[in-house]
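Structure, as structure tokens:
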Amino acid sequence: MTQAPVRIVFLDRATLSPETRLKQPSFAAQIEEHQQTDPDQVAARIADAEVVITNKVPIDAEALAAAPKLKLIAVAATGYDRIDLAACRARGVTVSNIQGYAGNTVPEHTFALLLALQRSIVPYRQSVIDGRWEDANQFCYFDYPIADLSGKVMGIIGDGALGKAVGRIAEAFGLRVLFSSYKGVEGMGPLYTPFEDVMRRSDIITLHCPLMPSTRNLISDSEFDMMERRPLLLNTARGGLVDEEALERALESGRISGAGFDVVTTEPPGADHVMRRIAKRSNVILTPHVAWASQEAIQTLADQLIDNIEAFMNAAPQNVVS
């Protein structure tokens with residue numbers, strides 16, 4: 001008897017670029033792709049699925065209750081906070097995620113933001129478009145600050161693979177690197193600098209830690225008050241690590257010299273979101289959560305996604321988070 005194809009439902013295919021190729025599983029599979037899925041559409045779309053792929057679409061207990069055949073949720077990302085893990089465990093649904101795919105793209109994007117801010121690339125480009133060079137009537141002009149990286153101090157919050165990769169690049173630029181200890185934690189050893197010292201001593205602060213209750217609003221008004229060297233603040237990790245209202249106040253008061261963010265608490269932020277106001281400043285760059293999205297990284301993610309499903313179907317699940 002021929003075995004029926006495994007029914008796989010991808011809820012948000014548009015979160016991967018159109019150029020990204022999903023390889024065909026080695027087993028018989030029927031893949032149903034939806035470019036986007038609203039929360040109220042989830043239950044109906046996964047009702048007969050054995051495998052569900054989601055990047056950012058939430059799957060809660062109610063949706064799980066409507067999917068009696070579901071065996072695996074394959075998250076097309078590293079973060080899995082939108083999945084009700086307790087409900088999955090109660091129903092015997094395995095959850096897997098993507099790991100280790102962004103080792104080049106996120107650090108490179110971090111330095112793209114840093115170099116653009118340190119040398120005022122964006123405002124100088126716009127000024128040339130606006131005719132300022134002709135108005136200056138000489139070979140150059142000095143409307144925006146430019147500074148070297150060499151000799152500066154970079155404080156890195158987060159000592160995982162991405163934070164360490166950023167540290168290696170920083171050292172190649174002649175930066176002195178300080179890895180921060182966890183906020184409020186002492187005695188982490190000589191490889192770590194106390195969090196408050198990192199706030200005070202850094203010319204650049206870059207975030208590469210997960211968003212958890214202990215790291216939400218990790219940097220707010222009190223931390224900005226510690227920043228004696230008016231650092232550049234970079235966040236390519238998670239929205240919510242920085243209190244965005246406090247960030248606006250810090251920029252207004254000059255407690256920091258600029259900010260490069262790839263993440264926001266609400267994505268997309270909406271016309272009235274504080275980060276939309278912040279993004280208009282000449283010393284700020286806001287990119288739309290694309291630090292992870294090099295073509296090479298997305299293809300690696302997509303390949304690993306299918307590998308995770310293959311491993312599960314072969315009774316050897318990998319990258320299991322629940």
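The values are calculated or read from the model by the stated rules, or taken from the named source; none is laboratory data. Bear in mind the structure is a predicted one, so any value in this text is a computation, not a measurement. Note: ideal-geometry Cβ built from the backbone for every residue, glycine included; neighbour counts use all protein chains shown. Ligands, DNA and RNA are stripped out before the accessible areas are found, and what is left, the full protein with its side chains, is counted by its heavy atoms. Shrake-Rupley method; radii C 1.70, N 1.55, O 1.52, S 1.80 Å.
On alpha-carbon atoms, Rg over Rh for the range 218-322 using Kirkwood Rh?
We get a ratio of 1.15 for the range 218-322.
On alpha carbon coordinates alone, what is the Rg over Rh value for the chain, Rh being the Kirkwood radius?
Taking Rg over the Kirkwood Rh, I get 1.03.
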Point to revise | Cα-based convex hull, the range 155-234, per residue volume (Å³, whole number) | key: 91 Å³
Revision key, fill the gap. Under 17 Å by backbone N from the virtual spin label 7 Å along Cα-to-Cβ at V290, the residues of the range 1-41 are 14-20
**Study point:** Placed amide H near L178: partners under 5 Å, 5+ positions off or other chain
**Key:** M154, G155, I156
Review point. Got a number for the accessible area of V93? Probe 1.4 Å, square angstrom, nearest 10.
Key: 10 Å²
Review point. In the chain, what percent of the accessible surface is made up of carbon and sulfur (1.4 Å probe, ligands and nucleic acids excluded)?
Key: 51 percent
Check your understanding: If the cut-off is a Cα-Cα distance under 21 Å, which lysines reach K183, setting aside same-chain residues fewer than 8 apart in sequence?
Key -> K164
Review point. Can you list the HN-Hα couplings for the range 184-198, worked out from phi with the Karplus curve (6.51, -1.76, 1.60; θ = phi - 60°), rounded to whole Hz and with x for Gly and Pro?
Key: x, 10, 10, x, 7, x, x, 7, 10, 10, x, 3, 5, 5, 5
Exercise for review: Enumerate the whole-percent occupancy of each 5 Å bin, from 0 to the last occupied one, for all C-alpha pair distances of the range 12-152.
Suggested key: 2, 8, 13, 15, 12, 8, 7, 7, 7, 7, 7, 4, 3, 1, 0
Study note, to complete from the structure: Whole-Hz Karplus couplings 3J(HN,Hα) for the range 143-160, θ = phi - 60° and coefficients 6.51, -1.76, 1.60, Gly and Pro as x, run 6, 10, x, 10, 9, 7, 7, 4, x, 7, 10, 10, x, 10, 9, x, 10, x
**Study point:** Choice from Q304, Q126, Q295 showing the highest fluctuation, given a GNM over the chain with Cα pairs closer than 10 Å
**Key:** Q126
Check your understanding: Taking only protein heavy atoms and a 1.4 Å probe, what accessible area per residue, in Å², does the chain have with all protein chains in place?
Key -> 50 Å²
Revision key, fill the gap. Across Q118, Q138, Q35, the residue with the highest GNM fluctuation in the chain (Cα network, 10 Å cutoff) is Q138
Review point. For E186 and Q3, what is the calculated FRET efficiency with R₀ set at 45 Å and r taken between the beta-carbons, to the nearest 0.05?
Key: 0.20
Check your understanding: Per-residue ellipticity at 222 nm for the chain, helices alone: DSSP H runs ≥ 4 residues times -39500 (n - 2.57), over residue total, nearest 500 deg cm²/dmol?
Key -> -9000 deg cm²/dmol
Exercise for review: Give me the Debye-computed log₁₀ of I(q)/I(0) at q = 0.17, 0.23 Å⁻¹ for the range 103-190, equal point scatterers on Cα only, no solvent, two decimals.
Suggested key: -0.80, -1.10
Point to revise | Stretch in the chain that is longest and holds no trypsin sites (Lys or Arg not before Pro) that DSSP places in a loop and that have at most 13 other beta carbons within 10 Å | key: 70-279
